[in-house]
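J.: Got a structure for you, questions after.
The values are calculated or read from the model by the stated rules, or taken from the named source; none is laboratory data. In this text, all values refer to a predicted model and were calculated from it rather than measured experimentally. So basically every Cβ, Gly included, is an ideal-geometry build from the backbone, and we count neighbours across all protein chains shown. Areas reflect the complete protein model, heavy atoms only, side chains present, ligands, DNA and RNA absent. Shrake-Rupley method; radii C 1.70, N 1.55, O 1.52, S 1.80 Å.
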Amino acid sequence: MSEHKSKAAPLAYQNEPFLSSPDGRILRIMSEYVEPLARFRREQIQDTVVFFGSARFTNRRDAQKTLTGIEGDAKKQGSDQHNELKRALAAVDMARYYEDARRLAYLLTDWSIKIPARRRRFVVTTGGGPGIMEAANLGAHEAGGKTIGLNINLPFEQYPNPYITPSLNFEFHYFFMRKFWFAYLSKALVIFPGGFGTLDELFEILTLVQTDKLSKQIGVVLYGREYWGQVLDLKPMAEWGAIAEKDLELLHYADTPADAFQHLRDHLIAHHLEPTTVEEAAAPAIAKTRG
């Protein structure tokens, strides 16, 4: 018998080339379901409120600092920095949404952590990046609650902000699995001014609600009538018969943290404070679908 032995082959679940191959894709997809589910259960997360909005808005202090710097450079150099100045002025104006998201997340978390429950209710959740996402995670963190970040690999802008609860900081590869987790646990959405990604998430949820694919009632707050009134006018869709008049009632507009919080609190108390199904009573509160 030969004294030489072949090197043991790697176990399939430790075979990195296989796991990273097209044949391993189904396992990678399953991992982005099972691993977050295990963490949500371990952290006793029952349900969430999701904040969406632009990754490009900064806080008021940083926006003002940038504007001051551009104004100073223009004076010293005597150069025409019209476009940069215009963008900097807009950033100072839009910074109010960062501050409002921070305040609203604080109010919501301060209320939710006082709810007598076995599990954590209505946990502030974001896409985990900068801008409005950072503001909401910061507000929840300042209120002393846990807060979730569902991050994703992108070529720009997206990096985990420092205010996410470390044990609830997620990194996704697949957009559809990230969307799944946004919808799965959420009982309400707050849509701050944002771009294509924000609109994508808004219409994703509106479609699920409109087509009755979820049995739960998800409240949707559009924050900032000045912005959304110019960007998103849905009334012609109803007038032309593309949607029903009642579909317009899926959206609630708010312009102050206090107004948005009152609407969210009323919605959550009315529809979600007491679990209505066995599924909702479990941790996490898995969304019951209609098929």
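J.: Go through segment 182-203 and report how many residues are under 20 Å from Arg42 (Cα atoms) and either of a type in the set (Gly, Ala, Ser) or within 10 Å of the chain's Cα centre (by Cα) (or both).
T.: The number of residues fulfilling the criteria is 3.
J.: Only one residue in Leu189, Leu185, Leu202, Leu206 is closer than 26 Å to Ile26 by Cβ and among the aliphatic types (A, V, I, L, M). Which one?
T.: Leu185
J.: Follow-up question, since we're still on this one. Before we move on, is Ala242 open to solvent by 60 Å² or more (accessible area, probe 1.4 Å), aliphatic (A, V, I, L, M) and either assigned to a loop (DSSP other than H, G, I, E, B) or in contact with a Ser or Thr (Cβ under 6 Å, 6 or more places away or on another chain) (or both)?
T.: Values: open to solvent by 60 Å² or more (accessible area, probe 1.4 Å): yes; aliphatic (A, V, I, L, M): yes; either assigned to a loop (DSSP other than H, G, I, E, B) or in contact with a Ser or Thr (Cβ under 6 Å, 6 or more places away or on another chain) (or both): yes.
In short, yes.
J.: Test Asp93 against the criterion of being touching a helix residue (DSSP H, G or I) at 6+ places or on another chain (Cβ under 9 Å) and open to solvent by 70 Å² or more (accessible area, probe 1.4 Å), and give yes or no.
T.: Yes; evaluated as a whole, the condition is true for this residue.
J.: Does Ala260 qualify as being out of contact with any Pro (no Cβ under 9 Å at 6 or more places or on another chain), outside any loop (DSSP other than H, G, I, E, B), modelled with pLDDT of 95 or more and not aromatic (Phe, Trp, Tyr)? Reasoning before the result, please.
T.: On the way: out of contact with any Pro (no Cβ under 9 Å at 6 or more places or on another chain): yes; outside any loop (DSSP other than H, G, I, E, B): yes; modelled with pLDDT of 95 or more: yes; not aromatic (Phe, Trp, Tyr): yes.
It is true that Ala260 is out of contact with any Pro (no Cβ under 9 Å at 6 or more places or on another chain), outside any loop (DSSP other than H, G, I, E, B), modelled with pLDDT of 95 or more and not aromatic (Phe, Trp, Tyr).
J.: Please pick out the residue among Glu157, Glu84 that is surrounded by fewer than 22 Cβ atoms within 10 Å (Cβ to Cβ), modelled with pLDDT under 95 and assigned to a helix (DSSP H, G or I).
T.: Every option except Glu84 fails the conditions.
J.: Let me ask something else about it. Mind telling me which of the residues Asp110, Asp93 ends up being acidic (Asp, Glu) and in contact (Cβ under 8 Å) with a residue 12 or more places away in the chain?
T.: Residue meeting the stated conditions: Asp110.
J.: Let me ask you something else. Of the residues in segment 37-57, how many are part of a helix (DSSP H, G or I), of a type outside the set (A, V, I, L, M) and farther than 19 Å from Gly145 by Cβ?
T.: 0
J.: Here are some conditions: (1) surrounded by fewer than 21 Cβ atoms within 10 Å (Cβ to Cβ); (2) of a type in the set (Asp, Glu); (3) part of a helix (DSSP H, G or I). Glu171 meets all but one. Which one does it not meet?
T.: Against the list (1) surrounded by fewer than 21 Cβ atoms within 10 Å (Cβ to Cβ); (2) of a type in the set (Asp, Glu); (3) part of a helix (DSSP H, G or I), Glu171 comes up short only on (3).
Every residue, every condition in (1) open to solvent by less than 60 Å² (accessible area, probe 1.4 Å); (2) at pLDDT 95 or above; (3) within 30 Å of Ala90 (Cβ to Cβ); (4) among the acidic types (Asp, Glu), yes or no:
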{"residue": "Tyr13", "(1), (2), (3), (4)": "no, no, no, no"}
{"residue": "Phe18", "(1), (2), (3), (4)": "no, no, no, no"}
{"residue": "Gly24", "(1), (2), (3), (4)": "yes, no, no, no"}
{"residue": "Ile29", "(1), (2), (3), (4)": "yes, yes, no, no"}
{"residue": "Phe40", "(1), (2), (3), (4)": "yes, yes, no, no"}
{"residue": "Gln46", "(1), (2), (3), (4)": "yes, no, no, no"}
{"residue": "Phe51", "(1), (2), (3), (4)": "yes, yes, yes, no"}
{"residue": "Arg56", "(1), (2), (3), (4)": "no, no, yes, no"}
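J.: Looking only at segment 1-28, filter to residues that are in a loop (DSSP other than H, G, I, E, B) and within 32 Å of the chain's Cα centre (by Cα); which one of those is farthest from Glu171 (Cα to Cα)?
T.: Among those that are in a loop (DSSP other than H, G, I, E, B) and within 32 Å of the chain's Cα centre (by Cα), it is Ser21.
J.: If you take the residues in segment 135-149 that are in contact with a strand residue (DSSP E or B) (Cβ under 6 Å, 6 or more places away or on another chain) and within 23 Å of Arg61 (Cβ to Cβ), which one is surrounded by the most Cβ atoms within 10 Å (Cβ to Cβ)?
T.: This residue is Ala136.
J.: Kindly indicate which of Ile132, Ile152, Ile113 is farther than 23 Å from Leu251 by Cα and open to solvent by less than 10 Å² (accessible area, probe 1.4 Å).
T.: So the residue among Ile132, Ile152, Ile113 that is farther than 23 Å from Leu251 by Cα and open to solvent by less than 10 Å² (accessible area, probe 1.4 Å) is Ile152.
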